[in-house]
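The values are calculated or read from the model by the stated rules, or taken from the named source; none is laboratory data. In this text the structure is predicted, and so the values were computed from the model without any measurement. We place every Cβ from the backbone using ideal geometry, glycine too, and count neighbours over all the protein chains shown.
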Amino acid sequence: MIAKKPPMGWNSWNTFGDKINEQLIKEMADRIVEDGYRDLGYEYIIIDDCWSLRERVDGKLVADPALFPNGMKALADYIHSKGLKFGMYSCAGTKTCAGYPSSYGHEFSDAKQFAEWGVDYLKYDFCYFPVSGDAKNAYLTMAMALRSTGRDILFAACNWGMYDPSGWMRSHGAHSYRSTGDIFDGPKSYKDLFISQVENVENNAPGCWNDMDMLIVGMHGNGNVGIGGCSDLQYLQHFAMWAFLGSPLIIGADLRKLDEANKKILFCKGLIEINQDEECRPPFLVDHDDTRKYTFAKLLSGNRIAIAFFNLAAEDQWTQNVGICFDDLGIHSESGIRLQLTDAITGEDLGIYEDSYATKIAPDESKVIIAQLIFPE
């Protein structure tokens, strides 16, 4: 099965935009392996927009030889030699978002070409889509084109949440679907995207994932989508939200420039474990209120439950009292079940609890817990 779990990897757009080339992509692939990202599940290296010539040649998409002198097949081979997977970009509209040739009207021939190059992942954007066009059919057509190649290619649909994709992208062949507009490197951006999907989280399941856009962890206001950056605490909250809600984890930062604090966030095994759990269940919303406090839970394999508390209040606002009654997890006191709690971020043993758990979290802070059920003897 393609995309049994949320995809993980790196994409060029957030930091580099149109400033991409073959050497850069190779360096990112090298870093993914050498720095240990691949061992945690980050496996896709994805080239976004601006990789091709401005016009087709004999009806075909051609990589810009000034940027990719050895062509896409050679680059794919290099990425595959690292034990990684190769991703590319096209668009359902009449041209890509940056004005390059798209796959509109060329779906089957382009899909064949992508497969011949060794592509494993296709991000499919939605810019310049004809007003009279049928968006659902456009994504279905590319899904069928990719299937016709005989190659397993993850189809990452990106129509920014238009036409309620949660209701049809799975049935129309996508393995992930963008449910939101673009993310920018600032706290308001990631918080707004998170809030927009609070009621949508239960649609996630193996084979098709709600994509809340790429990660901004470690960008610090630099790059193509920088608007001031976030604090390390905010980057941790952003990563915890994406991981817990089951979004793909696609890094957008320059891997060569990440500091240790942000590497630690991207390497957080407890959060990745929740995102990549074998049961692949979506979370459910337990509680939220007007103070921008959210509580989620998620059933995990091995008789475990993940619990997340998010305080979205701004840093100059208020610390929140948060907690959960185990009744809200379906665990009633007469069951005799207790919960052994572990902090998913720090690994700290929090102890054994009966009936409920409570704590405090500061503005922009998150508390994510993995609870192991202890059954009565």
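Looking for something in contact with an Asp or Glu (Cβ under 9 Å, 6 or more places away or on another chain), in a loop (DSSP other than H, G, I, E, B), within 30 Å of Arg292 (Cβ to Cβ) and in contact (Cβ under 8 Å) with a residue 60 or more places away in the chain - is there at least one such residue anywhere in the range 113-135?
no
What's the number of the only condition in (1) buried (at least 17 other Cβ atoms within 10 Å of the Cβ); (2) among the hydrophobic types (A, V, I, L, M, F, W, C); (3) in contact (Cβ under 8 Å) with a residue 40 or more places away in the chain; (4) not in a loop (DSSP other than H, G, I, E, B) that Phe239 fails to meet?
Tallying (1) buried (at least 17 other Cβ atoms within 10 Å of the Cβ); (2) among the hydrophobic types (A, V, I, L, M, F, W, C); (3) in contact (Cβ under 8 Å) with a residue 40 or more places away in the chain; (4) not in a loop (DSSP other than H, G, I, E, B), Phe239 fails exactly one: (3).
At pLDDT 95 or above, within 30 Å of Ala156 (Cβ to Cβ), in the same structural domain as Tyr357 (by TED's automatic domain parsing) and not in a helix (DSSP H, G or I), is that true of Ile250?
Against the criterion (at pLDDT 95 or above, within 30 Å of Ala156 (Cβ to Cβ), in the same structural domain as Tyr357 (by TED's automatic domain parsing) and not in a helix (DSSP H, G or I)), Ile250 does not qualify.
Pick out, from the range 277-377, the strands (runs of 3 or more DSSP E) lying fully within it that include 1 or more residues that are under 26 Å from Ala205 (Cα atoms).
284-289, 293-300, 304-311, 320-325, 338-343, 366-374
Just one of the numbered conditions (1) crowded, with 20+ Cβ neighbours inside 10 Å; (2) under 26 Å from Asp182 (Cβ atoms); (3) out of contact with any Asp or Glu (no Cβ under 7 Å at 6 or more places or on another chain) is not true of Ala306; which one?
Single failed check for Ala306: (2).
Could you please find all residues in the range 26-48 being of a type outside the set (Gly, Ala, Ser) and assigned to a helix (DSSP H, G or I)?
Lys26, Glu27, Met28, Asp30, Arg31, Ile32, Val33, Glu34, Tyr37, Arg38, Asp39, Leu40
Can you list residue pairs whose Cβ atoms sit under 8 Å apart, with the first residue in the range 137-148 being β-branched (Val, Ile, Thr) and the second being surrounded by 20 or more Cβ atoms within 10 Å (Cβ to Cβ)? Count only pairs 6 or more apart in sequence or on different chains.
Close Cβ pairs (under 8 Å, with a partner that is surrounded by 20 or more Cβ atoms within 10 Å (Cβ to Cβ)) amount to Thr141/Glu107.
Taking the residues in the range 192-228 that are charged (D, E, K, R) and in contact (Cβ under 8 Å) with a residue 60 or more places away in the chain as candidates, determine which candidate is surrounded by the fewest Cβ atoms within 10 Å (Cβ to Cβ).
Checked the range 192-228; the qualifying residue surrounded by the fewest Cβ atoms within 10 Å (Cβ to Cβ) is Glu199.
So which of Gly41, Gly36, Gly17 is touching a helix residue (DSSP H, G or I) at 6+ places or on another chain (Cβ under 8 Å) and either among the small types (Gly, Ala, Ser) or in the same structural domain as Pro206 (by TED's automatic domain parsing) (or both)?
Unique residue meeting the criteria: Gly41.
If the requirement is being surrounded by 17 or more Cβ atoms within 10 Å (Cβ to Cβ) and hydroxyl-bearing (Ser, Thr, Tyr), which of these qualifies: Ser231, Ser247?
The match here is Ser247.
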